[in-house]
Every structure is written in C-alpha cells, then in structure tokens.
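Reading through the structure tokens given below for one structure.
Computed from the coordinates by the stated procedures, all read-outs in this text should not be read as laboratory data. Only a predicted model underlies this, so the values are computations on that prediction, with no experimental measurement involved. So basically every Cβ, Gly included, is an ideal-geometry build from the backbone, and we count neighbours across all protein chains shown.
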Amino acid sequence: MSRYDFIKMKKKLAKYLDEERFAHTMGVMYTCASLCMVHGGDLGDAQAAGLLHDCAKCIPNKKKIRLCEQHHIEMTSFEKDHPFLLHAKLGAYIASKKYDIDDKDILSAIRYHTTGRPGMSRLEKIVYIADYIEPMRDKAPNLSRVRRLAFEDLDECMYEILKDTLDYLEENPREIDQTTVEAYRYYKEVHNDRKDR
C-alpha cells in the first residue's frame, strides 16, 4: 500500500493544470513508475515525483517571480529573464507546502527536472528522463533511441538527452541555463570514462 493518496493528489492537481499539461503529467507519472520498475527505487516516490513535477507550470510567469520573491526562493538573473524555468524550483516548494511532500529526493527531482545537474540521484534521473520520453512527446531528435536507452542505462540516457538538448539550444545560446551545461559536462565525462575502460 503506497503512503501517497494518488487519487486525492490527482484531483487537486487537475484544478491547477490545463488539460494538455495534465495529460503530459499522467504520462510522466506512469513513465517514472515504469523506469523505477526496471532500475529500482521506491515506486510510490517515483510516481509522486512524476505527478508533481509540473505542479507550478501553469502559474503565469510574472506570478512565478512574485511567488519566488514572497517565499524567499533564490532566483538567478537567468531565471528572472526566463521565468518559465522557475516552475521547477517553485514546484518543489508547492509540492512540500500544498501536497505535504517532505522527502528531499522527491523535492530535488522536481527541482532539477528541467535543467538536470551533475551527480543526480537515481530518482532525479528517472524524473528528468521520464519528462523527456513520456508517450505524448514527439518532437525531440533520436527519441526512439533515447526511449530504448532509458530502460537500459540511466547515465547514458542522461548524456544523450543533455547532448541533444544543448545541440538544439546552441541555435540560441542565450537560452542555455548554466546548470544544464554543468550537467552535460558531468555525464559526458561518465560516458567517456566508460568508453576508455
């Protein structure tokens, strides 16, 4: 029996997300569960993190900034210029305050699901990857390869996603968050170390 009341959580969340975002969220939740079944970890935690990863997504950008200021959530100047990125930090705050999530790993998985970071936990990687590969996603390059990799090797999958993400963002370098660059460097090193063995 899970310690989370997912029926109640879904009902509450549905009030704050538009229909498309809610459908995406369900896809991420189930993909997190599937990845967790393959790679291990707590199934309830994986579902909770997937369900709540975008809980702040539909808050208007100006309000995101205002709420971050109000609740003393640190913002970089890059985030202030790209407030859509704040939904991850703000989402971790909302998950703890409105959905009573106190597990640090779940909150961190929500916090880093858009940028990634160096040395991610298994759950953080699962949420990041699930957000990228859930069934409704269809625009990313190499998606079928990345989806296959997700069920074989989380670190290698992180490397591929971050590489593709940065290749895409290179067309507009001002859109690149430094944390994503650091995450890419980290997983590139992991990738290269394995190749050299």
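Adding -39500 (n - 2.57) for every DSSP H run of four residues or longer, then dividing by how many residues the chain holds, sets the calculated 222 nm ellipticity at -20500 deg cm²/dmol. Judged by the gyration tensor of its Cα atoms, with axes a ≥ b ≥ c, the chain is oblate; a/c meets the 1.5 cut and b/c is at least as large as a/b. What the phi angles of region 125-133 give under the Karplus curve with 6.51, -1.76 and 1.60, with θ = phi - 60°, is a coupling list of 5, 4, 5, 4, 5, 4, 4, 7, 10 Hz, glycine and proline written as x.
The phi torsions of region 100-105, fed into the Karplus equation with coefficients 6.51, -1.76 and 1.60 and a -60° offset, translate into couplings of 6, 8, 10, 6, 5, 5 Hz, rounded to whole numbers, with Gly and Pro shown as x. Taking a ≥ b ≥ c as the square roots of the eigenvalues of the Cα gyration tensor, region 1-91 is classed as prolate, since a/c reaches at least 1.5 and a/b is larger than b/c. Our coupling estimate for region 154-161, obtained by passing each phi through the Karplus curve with A = 6.51, B = -1.76, C = 1.60 and θ = phi - 60°, is 5, 5, 5, 5, 4, 4, 5, 5 Hz, Gly and Pro reported as x.
Any idea what the dipole of the chain comes to, in debye rounded to 20, about its Cα centre with Lys/Arg Cβ at +1 and Asp/Glu Cβ at -1?
660 debye
Relative protection proxy for 145-157, 39-51, 58-70, from highest mean packing down: 39-51, 145-157, 58-70 (other beta-carbon atoms within 10 angstrom).
By the count of other C-beta atoms within 10 Å, a proxy for reagent exposure, 115, 31, 179 are ordered fewest to most as 179, 115, 31.
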